[in-house]
C-alpha cells in the first residue's frame, strides 16, 4: 500500500478526533474548517516520521491539540471582529439543550483544561491521557478532578 492511500485511510478512520479537537478551540464554523485543514496538513507532514510506537489515535490527538494551541497563540495578538457570535456545530446540540450547555461550559475552560476534559469525554483512560499530554497519570487524575469541580461551579452560576 502506498503512503498516500495509507494516510487517507487513517484520516478517514480518525476524522472525528480531529473535528472534535478543532471544535473545542474554534470560534466559528470557518475557524473549525481552517483548523481542520491545518491539522490535516500537519499530520501529512509528520506522517513519514510517525514511528508507530503509540496508537495512531494518540498521535492524531497530539498533532491536533498542538495545531489548535499553536493557532490560539498566533491569534492571541490579532484583533478581529467575529462574523458570527453564536454557533451550533452539532445538530444534536439543537435537540439536546444539556449537550449544548455542556459544550458552552467547556468553552469557558482554559485551553489546557479543554484538552483533559475532551480526552476524558472521549473515554480515554488516565494512562492514555497521560501519554497524549505528556504528564504523569497522577497529574491527569488531579487535573481532571479539578476541572470537573470547576465545571460544576460554572454550571451553578
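The table that follows gives values for the structure above.
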read-out: Simple label model, 7 Å out from Cα along Cβ direction - residue 49 to residue 122, nm; value: 2.1
read-out: Cα radius of gyration and Dmax for the chain (Å); value: 16.3, 54
read-out: Computed Kirkwood radius, in angstrom, where 1/r is averaged over Cα pairs of the range 90-157; value: 12.6
read-out: Coarse-grained scattering of the range 1-87 at q = 0.12, 0.15 Å⁻¹, given as base-10 log I(q)/I(0) from a Debye sum over alpha-carbon atoms; value: -0.39, -0.58
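Here, each number is a calculation from the coordinates, and none is a lab measurement. This one's a predicted model, so the numbers in the text were calculated from it and none came from an experiment. In this analysis, Cβ positions are derived from the backbone assuming ideal geometry, glycine residues included, and neighbour counts consider all displayed protein chains.
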